[in-house]
Amino acid sequence: MVEVVRDKPLLSTVEVRRDFKRKYGLDIFATNTWMGIEKVRTCLYDDNSKSFDQLRWFIEESMRTNPGSKLVLDMDECSNQFKRFFASFYACIHGFTYCRPMLFVDDTFLKRDARLLTFISDRNNGLKLALPKNFLTAYHAYCLHHLQMNLRDKVRGHKSFKDRMVFLFRECANAPTEHNFEEKLSELLAEGKDQVQFFLDDYSFQCWENAYFQRQRYSEMCSNIAESFNAWIKEARFLPITNMVDLIRSQIMAQMCNRRLEADSWNIVLCPKMDERLGEELDKGRT
C-alpha cells in the first residue's frame, strides 16, 4: 500500500476498494479505506502541522542553495497561523527576462516588479484589489473564457439564445478596431437588450476588449494557461505543503532540463515551430 500511494499520491478510495476486491476478494468500507490511505500518507509525508513547520527550513535551504530565489512565508500577526506562501526560484526569475511580459494568474499574488507587465486573470476579487495597489504601471486583462461563462449564467433564455449572446460577445472582444467593436456591440445590445447591458456595466472595455486594451496581449485572450499549470501539478496539490512545494520544484527542474537538452539538439536559431512559421511567412512574401 505504501508503494502504491508513493507512486500515485491522488489514489482514490474507489481504486483501492476495487483492487482489494480483485486481488483478495474482500469488500471493505469506504471509510476504512480512506483512513488507511490517510495513515499511509502520514507515514510517508508526516502530518500537515509538521509540514507547515518544515516550510521555514525549506526556505532557508532553498535560499542557501538557490541564491537569487524569492521565497516568502506570510503568517497572521495575531494568531501566528499560516496565510500564504510564495516561491519563485532563480532559474524561473532569470528565464522570465526573456519571456513576453505577461503573467497568467489564478489566485496567486505577486510582489512588485519593475517591468511593464500585463496580467490576465479570471477577475478574482483579491486580484482586482491587489494589482492596482502593487503594480502601478501594469495592465489587467480579464479572461475571455470566464467572461463568456459569466454572461451565459446571467442571461435568461433558451440555450440557442445564450449561445448567440456568447458568440456576439466574443466577436466584440476580438474586434481589431474601435469602429469594428462599436458595430459588434450595437448588434449585441440590439439582441440582448437590458440584461446584456446590465452585464456589461460591470466590466470596463479596457479590461476585456482587444481594440481598447492599452497594452499588448499578444493574442492571448484567456488565462487557460494558469488552469493548465494547475492540472500539471494536480498530484502535488493534495500533498502536505512542504512536500507539495518541493514536488513542484522537482517538476519544474525536470521540465527545464528536458527542454534544454532538446534545444541543444537544434541547429537553428529559433525553435522549430517558430522557424517553420517564419518560413511560411517568407514563402507568402515571395508569391
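The values are calculated or read from the model by the stated rules, or taken from the named source; none is laboratory data. What you see is a predicted model; the values in this text were computed from it and never measured. Here the Cβ is made from the backbone with ideal geometry for all residues, glycine too, and neighbour counts use every protein chain on show.
Selection over the stretch 214-226 of residues that are within 16 Å of Ala175 (Cβ to Cβ) and crowded, with 18+ Cβ neighbours inside 10 Å gives a count of 1.
Can you confirm whether Gln197 is closer than 27 Å to His146 by Cα and touching a Leu at 6+ places or on another chain (Cβ under 8 Å)?
On the way: closer than 27 Å to His146 by Cα: yes; touching a Leu at 6+ places or on another chain (Cβ under 8 Å): yes.
Taking the combined requirement at face value, the residue satisfies it.
Scanning the stretch 2-12 for residues that are assigned to a loop (DSSP other than H, G, I, E, B) and either without any contact (Cβ under 8 Å) to a residue 12 or more places away in the chain or surrounded by fewer than 14 Cβ atoms within 10 Å (Cβ to Cβ) (or both) yields Lys8, Leu10, Ser12.
Considered as a group, the residues in the stretch 128-137 that are surrounded by fewer than 19 Cβ atoms within 10 Å (Cβ to Cβ) and within 20 Å of Arg217 (Cβ to Cβ) include one that is modelled with the lowest pLDDT, and that residue is Lys128. Selection of first residues in the stretch 273-287 that are in a helix (DSSP H, G or I) and of second residues that are not aliphatic (A, V, I, L, M), restricted to Cβ pairs under 9 Å at least 6 apart or on distinct chains, gives the following pairs, ordered by first then second residue: Asp275/Trp266.
Please go through the stretch 250-272 and pick out each residue that is assigned to a helix (DSSP H, G or I), hydrophobic (A, V, I, L, M, F, W, C) and surrounded by 13 or more Cβ atoms within 10 Å (Cβ to Cβ).
Ile252, Met256
The residues in the stretch 35-88 that are hydrophobic (A, V, I, L, M, F, W, C), surrounded by 11 or more Cβ atoms within 10 Å (Cβ to Cβ), modelled with pLDDT of 85 or more and assigned to a helix (DSSP H, G or I) can be counted, and the count is 5. Screening Phe119 with (1) in contact with a strand residue (DSSP E or B) (Cβ under 8 Å, 6 or more places away or on another chain); (2) under 25 Å from Phe169 (Cα atoms); (3) modelled with pLDDT of 75 or more; (4) part of a helix (DSSP H, G or I) gives one miss only, at (4). Which one is surrounded by the most Cβ atoms within 10 Å (Cβ to Cβ), of the residues in the stretch 13-34 that are in contact with a Ser or Thr (Cβ under 9 Å, 6 or more places away or on another chain) and closer than 28 Å to Ala231 by Cβ? Top of the filtered list is Val16. His94 meets each of the listed conditions (1) at pLDDT 85 or above; (2) farther than 25 Å from Val5 by Cβ; (3) in a loop (DSSP other than H, G, I, E, B); (4) not small (Gly, Ala, Ser) apart from (3). Here Thr65 does not qualify as over 30 Å from His94 (Cα atoms) and of a type in the set (Ser, Thr, Tyr).
Look at Glu209 and say whether it is farther than 30 Å from Ser51 by Cβ, crowded, with 16+ Cβ neighbours inside 10 Å, in contact with a strand residue (DSSP E or B) (Cβ under 7 Å, 6 or more places away or on another chain) and not assigned by TED's automatic domain parsing to the domain that holds Leu116.
Details: farther than 30 Å from Ser51 by Cβ: yes; crowded, with 16+ Cβ neighbours inside 10 Å: yes; in contact with a strand residue (DSSP E or B) (Cβ under 7 Å, 6 or more places away or on another chain): no; not assigned by TED's automatic domain parsing to the domain that holds Leu116: yes.
When the stated conditions are applied, Glu209 does not pass them.
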